[in-house]
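These notes are about the structure you will find just below.
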Amino acid sequence: MEKVVIVGTGCAGLTAALYTARANLKPLVLTGRQPGGLLTTTSTVENFPGFPEGVDGCELVTRMQKQAERFGARVQFGTLEAANVKETPIHLTIDGEIVKTETLIIATGASHKHLGVPGEHELENKGVTYCATCDGALPMFRNQPLVVVGGGDSACEEALYLTRFGSMVYLVHRRDSLRASRIMAERTISHPKITPVWDSAVTEVLDVKQDKVTSVRVKNLKTNAESMIACAGLFVAIGHVPSTDLFKGVIDMDESGYIIPKKGPVTNVPGVFVAGDCSDRVYRQAITAAGMGCAAAIDCERFLGAEDK
Ligand code: NAP
């Protein structure tokens, strides 16, 4: 029987692991399919306090994991397949095995949103990607025109990163101004290798017949005019969907799947806590996720303390 199981090893999960480990609760921490979470897919993190020169996303989560393990957290490569949180103790199915736990911290994060246009799915990993830092340096993208879709910090970060490899980066955004933070937006717009394509949407990815990306069809949303942009890669950076499907119908969540806590990290189910991007549609920063992980761990510890009395 576990005292605490934490699902997710992004900033939220690993901070919860650190705090519960230091409280001597020996948390079992599941990596899920993306160990380290989405931060491992970004390049330099410039806004995590304590790193004046910035820090590589992978390095940051690796350090967090080591810190948590130093105090007794057990990080296990595994995926949660089912959760019966209404039972006492909570029953989890982890890679086919049943694990019982007194408490659960959900820190499952979020995954990349897809455009849902023809050719996108068929050409995934054949020129369509959701992570420039993971794939941008591949030979197929070198010295080729590339397209990024989105107007947030992620899209700007991807576009800037891709200027190292592509001959030109087209940033296709559905409005005429960027949602990204001012510093990122200014850096992006002023970059000589980035061409913004405003008020526009990618409506098709070609060429499925050739089994690789050769161009995208773009529609101007104001004029309805269609055009083609020749490119070797399409990088989709249009936000995220929370990874909460397993808890639907049991844990309170909004229509998009973001978990709605009752108070702080406390969910509607006793003994179940939440932290990070799976319950945050507003801030979604590494530092806010870490803070939420800390709060979830403290409330979890208090819950277990009250149970013991
Ligand atoms: P985001 O801020 O939600 O931006 C998503 C962008 O995609 C928006 O510009 C949105 O357009 C567009 N979009 C959404 N759905 C679309 C669709 N179906 N078709 C076309 N365009 C679509 O997401 P994000 O950029 O991934 O950022 C998420 C959070 O992480 C933010 O809080 C951000 O500040 C943070 N972040 C920070 C950094 C950094 O500080 N270095 C880096 C990456 C991310 P509209 O603008 O029209 O809604």
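Derivation of every value follows stated rules applied to the coordinates shown; laboratory data play no part. This is a predicted model, so every value here is computed, not measured. Here Cβ is always computed from backbone atoms with ideal geometry, including for glycine, and neighbour counts include all displayed protein chains.
Think of segment 185-280 as having a plus end and a minus end, set by charges on the Cβ of Lys, Arg, Asp and Glu; of Ala230, Val266, Val241, Ala230 sits farthest toward the positive end of this dipole.
Taking the chain as a Gaussian network of alpha-carbon nodes connected by springs under 10 Å, the highest mean-square fluctuation of the residues Pro261, Pro139, Pro242 belongs to Pro139.
Within the listed set Asp299, Asp176, Asp135, the residue fluctuating most in the Gaussian network model of the chain (springs between alpha-carbon atoms under 10 angstrom) is Asp176. Dipole magnitude for the chain: about 400 debye, using +1 per Lys or Arg Cβ and -1 per Asp or Glu Cβ, origin at the Cα centre.
Taking label positions 7 Å along the Cα-Cβ direction at both Leu221 and Val250, the computed distance is 3.7 nm, reported to one decimal. Annotation for segment 35-59 versus segment 131-185: alpha-carbon center distance of 18 Å.
Once backbone amide H atoms are built at 1.01 Å from N, Glu204 has Arg217 as its partners under 5 Å, excluding neighbours fewer than 5 places away on the same chain. The chain has equivalent-ellipsoid semi-axes of 39, 20, 17 Å, by the square roots of 5 times the alpha carbon gyration tensor eigenvalues, sorted largest first. Compare Ser200, Ser181, Ser43 in a GNM of the chain, Cα atoms joined below 10 Å, and give the one with the largest fluctuation. Result: Ser181 has the largest fluctuation of those listed. Can you figure out the FRET efficiency of Cys134 with Gln67, using R₀ = 25 Å and their beta-carbon distance, to the nearest 0.05? Efficiency computed from Cβ-Cβ geometry: 0.50.
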